[in-house]
Amino acid sequence: MQDETLAYHGLELSIATNPQDPRRVLPPVSPSHRRILDVGCGAGQTLIACDFSESVMAVGVDVDHEALGLGRSVCPKIHFVMAQGEELPFANESFDLVICRVALPYMHVSTALSQMARVLRKGGDVWLTLHPFRMTARELAANVVRLNVKAAIYRSWVLINGVALHVVGRQASWPLHPNRYETFQTRAAITRALRATGFKDIQVSKGTHFIVTASKA
């Protein structure tokens with residue numbers, strides 16, 4: 001498992017630090033962003049690729065201790081903390097920018113967004129990359145073709161959970177894992193969830209990447 005973790009996060013770091021890689025996506029960072037939090041940071045690939053100056057306080061949060069250990073060895077100047085996105089261990093208004101690259105789809109969305117809003121200063125910014133419907137549908141189809149029954153059942157549940165989040169703004173946990181809340185996201189659902197948790201100026205881009213930005217009201 002450790003070798004798999006190292007290989008995965010090593011690949012992610014190579015993508016994040018290669019400007020020519022089409023899979024690369026980094027948040028826009030302004031001079032006012034002096035305290036930055038990455039929720040679901042993995043080994044801190046996004047923070048490392050941003051190459052912040054020493055004056056910027058960069059903090060990464062993840063539940064994977066192996067990934068955090070790798071991040072600490074690669075970039076000691078980043079502060080790595082083991083915690084869930086739904087329970088951020090920071091004081092109110094501690095950060096100017098919160099980023100979350102493809103980690104929110106694995107969380108309880110409204111709870112995680114509430115935590116992000118809490119730790120952001122007034123007027124602070126949030127930057128998210130998300131999973132669209134087509135990604136979940138493609139994975140389900142691939143599992144069916146490979147006759148991977150367990151994976152197909154799980155991906156079907158993710159699809160249903162995403163539909164519920166889109167239609168009624170609610171999501172359920174996976175019956176076999178009470179802390180797993182995976183979903184896909186839609187423009188309508190994420191806009192509604194951000195507004196409900198105190199964000200404004202919401203911008204959604206669904207090109208190569210599904211990117212959402214907003215600021216705390």
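The values are calculated or read from the model by the stated rules, or taken from the named source; none is laboratory data. On a predicted model such as this, the values are computed, not experimentally measured, just so you know. Heads up, the Cβs are rebuilt from the backbone with ideal geometry, glycines too, and the neighbour counts pull from every protein chain shown.
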Inside segment 162-204, the number of residues satisfying the requirement of being more than 23 Å from residue 138 (Cβ to Cβ) and in a loop (DSSP other than H, G, I, E, B) is 9
Selection from segment 105-135 of residues of a type in the set (Ser, Thr, Tyr) and either not in a helix (DSSP H, G or I) or not assigned by TED's automatic domain parsing to the domain that holds residue 89 (or both) yields 129
Filtering segment 65-88 for residues that are surrounded by 15 or more Cβ atoms within 10 Å (Cβ to Cβ), at pLDDT below 95 and not in a helix (DSSP H, G or I) leaves a count of 1
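I'm trying to understand the selection: among the residues of segment 8-22, which are farther than 14 Å from residue 64 by Cα and in a helix (DSSP H, G or I)? Step through it out loud before you land on a result.
If we filter segment 8-22 for residues that are farther than 14 Å from residue 64 by Cα, which is where we start, we get 10-22.
The answer is 10, 11, 12, 13, 14, 15, 16.
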query = Taking the condition modelled with pLDDT of 95 or more and either touching a strand residue (DSSP E or B) at 6+ places or on another chain (Cβ under 8 Å) or among the hydroxyl-bearing types (Ser, Thr, Tyr) (or both), does residue 37 pass?
reply = yes
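In the list 103, 16, which residue meets the criterion of being small (Gly, Ala, Ser), over 27 Å from residue 162 (Cα atoms) and under 16 Å from the mean Cα position of the chain (by Cα)? Spell out the reasoning first.
On the way: 103 fails: over 27 Å from residue 162 (Cα atoms).
One residue alone meets the criteria, 16.
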Among the residues of segment 196-210, the number that are surrounded by fewer than 18 Cβ atoms within 10 Å (Cβ to Cβ) and either under 23 Å from residue 160 (Cα atoms) or touching a residue at least 24 places away in the same chain (Cβ under 8 Å) (or both) is 5
Residue pairs qualifying under the 6 Å Cβ cut-off, at least six apart or on distinct chains, with the first in segment 63-85 being free of Cβ contacts under 8 Å to residues at least 24 places away in the same chain and the second being buried (at least 18 other Cβ atoms within 10 Å of the Cβ) and assigned to a strand (DSSP E or B), are 72/80; 79/59; 81/61; 83/61
Quick count over segment 183-192, residues being crowded, with 22+ Cβ neighbours inside 10 Å and over 15 Å from the mean Cα position of the chain (by Cα), is 1
Within segment 26-42, the residues that are touching an Asp or Glu at 6+ places or on another chain (Cβ under 7 Å) and among the small types (Gly, Ala, Ser) are 32, 40, 42
